[in-house]
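The values are calculated or read from the model by the stated rules, or taken from the named source; none is laboratory data. All values derive from a computational prediction rather than experimental measurement. We place every Cβ from the backbone using ideal geometry, glycine too, and count neighbours over all the protein chains shown.
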There are 2 protein chains.
Amino acid sequence: MKTSIPKATIARLPLYLRCLSVLAPAQMTCSSDELAANAGVNSAQVRKDLSYLDVSGVRGVGYSVIELRHQLSTALGLNQGYAVAIVGAGNLGTALGNYGGFAAWGFTVAGVFDIDETKVGTEVGGHLVRSLVDLEQIVRQRNIAIGIVATPATAAQQVADRFIAAGLRSILNFAPTVLQVPDNVSVRRVDLSTELQILTFHLQQDAG
Amino acid sequence: MKTSIPKATIARLPLYLRCLSVLAPAQMTCSSDELAANAGVNSAQVRKDLSYLDVSGVRGVGYSVIELRHQLSTALGLNQGYAVAIVGAGNLGTALGNYGGFAAWGFTVAGVFDIDETKVGTEVGGHLVRSLVDLEQIVRQRNIAIGIVATPATAAQQVADRFIAAGLRSILNFAPTVLQVPDNVSVRRVDLSTELQILTFHLQQDAG
DNA sequence: CGTTGTGAAGGTCTTCACAGCC
DNA sequence: GGCTGTGAAGACCTTCACAACG
């Protein structure tokens with residue numbers, strides 16, 4: 001971990017972590033070739049990526065699965081149990097609220113919010129839906145670190161602005177819009193139609 | 001469009017298209033600076049990206065919004081009205097089935113499938129849920145071009161294999177797993193926990 | 001032997017900077 | 001004046017290839 005970790009590497013670390021969880025529980029070590037095959041990347045890439053972490057592989061053997069898992073989790077900050085807020089209790093927000101994967105990686109859904117007062121008080125995936133009015137207060141009170149925007153595009157920027165005003169620095173945006181945020185805020189965008197359009201580009205190419 | 005378009009450029013084209021749709025309807029031209037600000041990229045990037053398309057900007061003025069929209073759509077193959085199939089009528093599949101954005105970009109949901117026979121025959125976002133048994137038949141019959149995997153991780157590879165067996169060459173995978181596919185099949189992965197983990201990496205950095 | 005760790009080579013992508021044009 | 005289009009520079013990323021080592 002001498003120099004800082006390249007972005008491209010960071011984006012692959014969760015992938016490696018996932019690949020480890022697929023291995024047989026009895027498997028003690030794992031080679032870069034095996035990880036590479038599972039993750040769909042080149043094995044030199046795996047070794048170089050891992051060289052940024054404090055893991056030491058054993059030549060002729062591979063990496064210790066336990067050590068690797070621990071180092072990946074540590075590098076990604078997964079040992080800290082971050083709290084997330086979901087804004088938007090529509091179809092997508094509901095799917096997110098019901099998603100079991102949060103807890104598996106140490107995330108806690110500490111609040112689900114909607115602007116529609118008729119939804120407030122109902123439950124979504126075991127989480128009480130709260131009024132959007134209380135967003136800032138609860139973000140601060142529950143020490144929420146990550147905000148998830150699952151609203152229509154028209155509301156997304158406003159929600160992001162409120163997240164930021166409440167002190168949040170990490171946003172995951174599912175709305176089909178580009179959020180304008182200050183430099184010190186990280187945004188990741190997850191966008192269905194962008195992905196579909198990239199696929200159609202390739203479809204068209206193949207068709208010639 | 002002399003040489004082939006770089007991957008990184010392709011991934012930004014949908015973004016530019018989206019930015020155009022945000023402009024006032026009366027706006028006839030748009031500069032690379034304006035697009036760049038909306039899309040959150042450098043303006044030289046925008047110009048270079050557009051130089052791979054058959055679009056001609058006017059110096060001192062900018063690009064014709066209409067021409068640009070047309071060229072972006074053409075490059076992405078959005079004029080062809082591709083049909084998509086969604087497998088998995090759980091929370092996520094339901095959110096997708098209800099998503100109005102498909103039609104807006106020329107996509108048709110031509111089938112929603114689930115393995116749970118008690119769901120078969122019900123409706124999801126106006127789409128009849130069909131038995132997974134009929135997947136291959138309907139993919140062929142309706143000329144489905146894109147398969148969306150919205151199943152649990154355990155079923156994802158099997159579904160992908162069946163998509164491929166039915167002749168499909170483009171898959172959008174929402175399951176938290178890396179699909180193993182032949183070289184001639186394109187897969188895009190959309191993965192909530194990967195995105196969250198990338199955010200926590202940065203959170204941790206800032207705190208460190 | 002098999003596998004790691006890494007310098008060096010080779011790509012790809014981004015940004016700069018400015019000539020060219022309306 | 002304002003903006004496009006692009007060569008060149010530079011940053012970043014991936015892959016190769018092989019020495020080092022248990």
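Quick notes on this structure:
- When B:SER131 is tested against (1) within 16 Å of DNA strand D (Cβ to nearest atom); (2) in contact (Cβ under 8 Å) with a residue 12 or more places away in the chain, just one condition goes unmet, and that condition is (1).
- Any chance A:ASN143 is surrounded by fewer than 21 Cβ atoms within 10 Å (Cβ to Cβ), within 13 Å of chain B (Cβ to nearest Cβ) and farther than 22 Å from B:PHE201 by Cβ: no
- Check on B:THR29, surrounded by fewer than 18 Cβ atoms within 10 Å (Cβ to Cβ), near DNA strand D (Cβ under 10 Å from one of its atoms) and not aliphatic (A, V, I, L, M): yes
Residue-wise test of (1) in contact (Cβ under 8 Å) with a residue 12 or more places away in the chain; (2) surrounded by fewer than 21 Cβ atoms within 10 Å (Cβ to Cβ); (3) within 16 Å of DNA strand C (Cβ to nearest atom).
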{"site": "B:ARG69", "(1), (2), (3)": "yes, yes, no"}
{"site": "B:ALA75", "(1), (2), (3)": "yes, no, yes"}
{"site": "B:LEU78", "(1), (2), (3)": "yes, no, no"}
{"site": "B:VAL84", "(1), (2), (3)": "yes, no, no"}
{"site": "B:GLY100", "(1), (2), (3)": "no, yes, no"}
{"site": "B:PHE107", "(1), (2), (3)": "yes, no, no"}
{"site": "B:PHE113", "(1), (2), (3)": "yes, no, no"}
{"site": "B:LYS119", "(1), (2), (3)": "yes, yes, no"}
{"site": "B:GLU123", "(1), (2), (3)": "no, yes, no"}
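- Test: A:GLN197 is assigned to a helix (DSSP H, G or I) and of a type outside the set (Asp, Glu): yes
- Test: residue in the range B:100-107 that is under 24 Å from A:PRO14 (Cβ atoms), touching a helix residue (DSSP H, G or I) at 6+ places or on another chain (Cβ under 8 Å), facing chain A (nearest Cβ under 9 Å) and aliphatic (A, V, I, L, M): no
- Of all residues making up the range A:32-50, the number that are surrounded by fewer than 16 Cβ atoms within 10 Å (Cβ to Cβ), of a type outside the set (Lys, Arg), near DNA strand D (Cβ under 10 Å from one of its atoms) and assigned to a helix (DSSP H, G or I): 2
- Only a single criterion out of (1) within 16 Å of DNA strand D (Cβ to nearest atom); (2) more than 8 Å from chain B (Cβ to nearest Cβ); (3) in a helix (DSSP H, G or I) is not satisfied by A:SER56, namely (3).
- Restricting the range B:88-97 to residues that are of a type in the set (Gly, Ala, Ser) and in a helix (DSSP H, G or I), the residue that is nearest to the other protein chains (Cβ to nearest Cβ): B:ALA95
- Residues in the range A:160-208 that are in contact with an Asp or Glu (Cβ under 7 Å, 6 or more places away or on another chain) and at the interface with chain B (Cβ under 8 Å from one of its Cβ atoms): A:ARG169, A:LEU172, A:PRO176, A:ARG188, A:VAL190.
- The range A:116-139, residues that are part of a strand (DSSP E or B) and of a type in the set (D, E, K, R): A:GLU123, A:ARG130
- Summed over the range A:3-47, residues that are charged (D, E, K, R) and free of Cβ contacts under 8 Å to residues at least 24 places away in the same chain total 4.
- If you go through the range B:60-80 and keep only what is in a helix (DSSP H, G or I) and aliphatic (A, V, I, L, M), you end up with B:VAL65, B:ILE66, B:LEU68, B:LEU72, B:ALA75, B:LEU76.
- Taking first residues from the range B:152-179 that are more than 18 Å from A:HIS202 (Cα to Cα) and partners that are among the polar types (S, T, N, Q) and assigned to a loop (DSSP other than H, G, I, E, B), the Cβ contacts under 7 Å between residues at least 6 apart in sequence or on separate chains come to B:ALA153/B:THR177; B:ALA156/B:THR177; B:GLN157/B:THR177; B:GLN157/B:GLN180; B:VAL159/B:THR151; B:ALA175/B:THR151.
- Every residue from the range A:140-162 that is in contact with a helix residue (DSSP H, G or I) (Cβ under 7 Å, 6 or more places away or on another chain) and part of a helix (DSSP H, G or I): A:ARG162
- Boolean, A:ALA85 is within 13 Å of chain B (Cβ to nearest Cβ), in contact with an Asp or Glu (Cβ under 7 Å, 6 or more places away or on another chain) and not in a helix (DSSP H, G or I): no
- Residue list for the range B:20-29, filter: within 16 Å of DNA strand C (Cβ to nearest atom) and either within 14 Å of chain A (Cβ to nearest Cβ) or outside any loop (DSSP other than H, G, I, E, B) (or both): B:THR29
- Qualifying residue in the range A:98-112 (condition: farther than 16 Å from B:GLU195 by Cα, more than 16 Å from DNA strand D (Cβ to nearest atom), at pLDDT below 95 and assigned to a helix (DSSP H, G or I)): yes
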